Amino acid sequence: MKISIQGQDYTAVLDAAHPLTIERKLNEPSICQLWLSLPFNSSFVAPTRYQSLKITGDDGTVYFTGYIAASPIPEYSGLGMEGPRYRTAIQAVSDEILLDQLFMPGSKGATTGTVALELNSLVTHSGSTMLSTQGLALTTPVSSGTPEPGSNWSKRAGQVANMARAAYRAISGALTATPVQTIVHPLNETDGSLEFANLSLSTGVQRALANDVTVCGENEPVAYVTEYFLGDAATSQFTLAAEPYFPPTSQVTIIHELFNESGIDKTLWSVVGGSGYLTLGAGGLSMNGGNGIDGQTLITWLDPVEMGGTLLIEATGVTLSPGSTGILAGLFMAMETAASCTAGFQVTTQTGTGVATLQPIVQGTPAGTTFALAPANQYTLHIRIHCPESERSQSIYYSCGDNGVVSAGGATILAPGRIQMEIQQFINGVASTPVTLYDGALANLPGTCMAVPASSINLIGTMRSFSVSNLGSGWVTSTPSGGSAYTRRVGTTAQASECYMDRSGKLVFYTGYIPLAGEQIAVNYRTMGRAVGRALNAGSQTALSQIGWPASATWIGTVTSPPTRSSADCRSAAKVLVEAAASTSALWSGTYKGNKLSFSSDVWPGDALELIASSTNLDAEVVVRTVKVSYRATYPDLVDYEITFANDWADDLAIKTSKTVPANAWLPARIAPTVLANLNRLTVTSLSGSTVTVNTGIAAPSGGGFEVRLRDFAFMPGNDPTLVLRSSQSNFSFSRISPSDRFYIRMYDGAAPPNYSEFSVALFINLPLSA
């Protein structure tokens, strides 16, 4: 065994009183501890903090690389001829320490990517280049979760690897990741590699076998509500019929950048283009031209933004000089060129005058009204985007059952969107009335976009701040008596808004924006419920019933990671968990002690032990969770291993669970229901004092159609007092009943009994009836 500290060989002075130990834990930094006895007046220099440490076997195996994490401690070892003698205790942490000591900015965990992409992103966020990522190639999809506030790099990397049922490793200055159980170490009683006396198996009773699993998740958006009110020129506050869905307060602010540092923060932003085009100055972000080519000079937020719920994109303190061209406050798909701009403000220069004008750009095409910019004035740009879906990509769950690795989830959720874009001019610091430049809709809103404050072809000017916020699920439209519908600006007064929705279920209009008499207000929002899902393992239930046991063995709890934001996520998690919880070796855990001769290669957490003992009919594969490597000065190397192992249900691995059951969980949940698409594209095309006409935005299933009822969660075949009508057509009308109508609409198919959409479209109509 060779011990190198800062490139110098310290093998000869390894103290014999204590073994060298390396403690490895799955998806955590490794810890190495050793003691050195430095000869008196020798050439060996006492090691110091932050020096590198490398432990290499005689056969070239690299057991550890890292850095001395704390100042070495002298320990009295006795009295020698030269006086008191000391041994030096050294503790080192693996290479992750280089990144763990750096500040990691917060992240909202917007999208789903791969293990390689997510770990690469974490390294970029750290701002360090000390760990190479060239060896990262694992393309296993992984859900993005919001990291714990203040967590360091290794904790976030461990979260990513755990969710994908993978193991990351930082060694020799390089970062790698492989699926759990990629390397299998066979231990066989027949060839002597398995010493049964060194094996200790255990099984838990606190978490027993389960073949009926119910998973509870987060609060989720439920019904798609459109609620109508009538203005009277006096009422400024309207009480909603249901509690609207809002994300947790910690997820409201997605981006908040004041551009007030000494330089652009490369742990948050990617800057592309020539030196000096995009810098920070007294006015914030300074735009100093470009190379004249679209998409080659820009500043981009590193994390994709999930296009769900109601988003507000705001760029303040914008100034532009004549001759400017480019895009401001843009949301881009894929390549960040004008053609892939979902929404933004395109700046062009008028031929002849040189005046810079601004116009919305939507899905790569200029749209809406053009606005001429005065060089002496400042401007605030707003983009409000509403999507009826808050979750655009479902989480992915992994576990392992009798037939190997199982996974579920990851579906993309398609949805339309509405966009409102406006500009507000400030003259000598005095704000003018905001001017709406675009108010329209998209048939298909991308699931994620990259946020780009400035994409410069030749932008010359400044931007004081840039932000992206999630305002919840609300969107407000007004239709004056005899006029056309227009979008109301939702948000705070500082965001030049007209109204706001609060978490208690109220819509409030600010002074000066109170609806006029006869003005019809339409409020779109989602109601709130608790995500729940359930799955069965039919094979396990059959096996139990055949031996006379009750067929059902239940487990009810909460999945905390990957995030379970919807009932669809909960069903996916339950489907995966029930495979692991009912497997033959689901609850197996234990320890094994061996040495280097027992294994064909070095053992790391995330490897698997294949335990084969014909004398007791044992044939099982278990996942290594921790490894303690011990070494005393021997030749050749004699390395001892103390290994703990546990399978997925015995100790949470890719899915983190809790026995907590939320008080508002609606139990028992339906078992793996077949659900049809939600009608998130349904629109009310006509509303009068007597009838309602809707367009569902989707064709009816074969043998099915659309059902309208007076109560939610009452959808079923047959006729009863809650049924209003059934229609096989996408466009249909039905009669109003009262001044406070409540209608619920779902799609159904031709099955017997029929399957329905998971959630209803709810129409709450608080308008007078007429003949």
**Item:** Any strands (runs of 3 or more DSSP E) falling wholly within region 595-658 and containing at least 2 residues that are within 27 Å of TRP35 (Cβ to Cβ) and either among the β-branched types (Val, Ile, Thr) or open to solvent by 20 Å² or more (accessible area, probe 1.4 Å) (or both)
**Value:** 618-631, 639-646
**Asked** Counting only residues that are open to solvent by 20 Å² or more (accessible area, probe 1.4 Å) and assigned to a helix (DSSP H, G or I), which one in region 573-594 is nearest to GLU23 (Cα to Cα)?
**Response** GLU579
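A quick yes/no check of all residues on (1) β-branched (Val, Ile, Thr); (2) in contact (Cβ under 8 Å) with a residue 60 or more places away in the chain; (3) at positive phi; (4) open to solvent by less than 60 Å² (accessible area, probe 1.4 Å):
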| position | (1), (2), (3), (4) |
| --- | --- |
| LYS2 | no, no, no, no |
| ARG24 | no, yes, no, yes |
| LEU36 | no, no, no, yes |
| VAL45 | yes, no, no, no |
**Request:** Of all residues in region 271-309, count the ones that are open to solvent by 40 Å² or more (accessible area, probe 1.4 Å), among the polar types (S, T, N, Q) and either modelled with pLDDT under 95 or not in a strand (DSSP E or B) (or both).
**Result:** 3
**Prompt:** Residue check: is THR696 within 20 Å of ASN211 (Cβ to Cβ) and not aromatic (Phe, Trp, Tyr)?
**Reply:** no
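Taking region 364-380 on its own, how many of its residues are assigned to a loop (DSSP other than H, G, I, E, B) and either open to solvent by 60 Å² or more (accessible area, probe 1.4 Å) or over 28 Å from ALA334 (Cβ atoms) (or both)?
Qualifying residue count, region 364-380: 7.
Identify, from the list PRO221, PRO248, the residue that is of a type outside the set (A, V, I, L, M), within 22 Å of GLY474 (Cβ to Cβ) and either open to solvent by 40 Å² or more (accessible area, probe 1.4 Å) or in contact with a helix residue (DSSP H, G or I) (Cβ under 7 Å, 6 or more places away or on another chain) (or both).
PRO248
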**Fill in**
Checking ILE423, ILE361, ILE383 in turn, the sole residue that is part of a strand (DSSP E or B), open to solvent by less than 30 Å² (accessible area, probe 1.4 Å) and under 17 Å from ILE457 (Cβ atoms) turns out to be ILE361
**Asked** Name the pairs: first residue in region 338-353 and under 21 Å from THR462 (Cβ atoms), second residue in a helix (DSSP H, G or I), Cβ to Cβ under 9 Å, at least 6 apart or on different chains?
**Response** GLY344/ALA338; GLN346/ALA338
**Message:** Please go through region 505-543 and give me each residue that is small (Gly, Ala, Ser) and surrounded by fewer than 22 Cβ atoms within 10 Å (Cβ to Cβ), ordered by number.
**Reply:** GLY505, GLY512, ALA517, GLY518, ALA522, GLY529, ALA538, GLY539, ALA543
**Request:** Restricting attention to region 22-61, report how many residues are more than 42 Å from the chain's Cα centre (by Cα), hydrophobic (A, V, I, L, M, F, W, C) and closer than 14 Å to ILE5 by Cβ.
**Result:** 6
**Request:** Show the residue pairs that are 6+ apart or on different chains and have beta-carbon atoms under 6 Å apart, the first residue being within region 266-293 and among the acidic types (Asp, Glu), the second being surrounded by 14 or more Cβ atoms within 10 Å (Cβ to Cβ) and in a loop (DSSP other than H, G, I, E, B).
**Result:** none
**Scan of region 544-566 for residues that are open to solvent by 10 Å² or more (accessible area, probe 1.4 Å) and under 20 Å from the mean Cα position of the chain (by Cα), ordered by number** = THR558, THR560, SER561, PRO563, ARG565, SER566
**Request:** Tell me which of these ALA241 doesn't satisfy, since it passes every other one: (1) in contact with a Ser or Thr (Cβ under 8 Å, 6 or more places away or on another chain); (2) modelled with pLDDT of 95 or more.
**Result:** (1)
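Would you say LEU258 is open to solvent by 30 Å² or more (accessible area, probe 1.4 Å) and within 29 Å of THR691 (Cβ to Cβ)?
Answer is no for this residue.
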**Message:** For region 614-638, give me each residue that is modelled with pLDDT of 90 or more, within 30 Å of LEU209 (Cα to Cα) and not basic (Lys, Arg).
**Reply:** GLU621, VAL622, VAL623, VAL624, THR626, VAL627
**Item:** Of residues in region 720-771 being in a strand (DSSP E or B) and touching a Gly at 6+ places or on another chain (Cβ under 8 Å), the one most open to solvent (accessible area, probe 1.4 Å)
**Value:** ARG726
**Fill in**
Expected output for region 136-149 (first residue more than 15 Å from ALA166 (Cβ to Cβ), partner part of a loop (DSSP other than H, G, I, E, B) and of a type in the set (Gly, Ala, Ser), Cβ below 9 Å, 6+ apart or cross-chain) is THR146/GLY106; THR146/SER107; THR146/GLY109; PRO147/GLY106; PRO147/SER107; PRO147/GLY109; PRO149/GLY106
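The values are calculated or read from the model by the stated rules, or taken from the named source; none is laboratory data. Source: prediction; values computed, not measured. Positions of Cβ are generated from backbone atoms using ideal geometry, with glycine treated the same way; all protein chains shown enter the neighbour counts. These area figures cover heavy atoms from the full protein model, side chains too; ligands, DNA and RNA do not enter into them. Shrake-Rupley method; radii C 1.70, N 1.55, O 1.52, S 1.80 Å.
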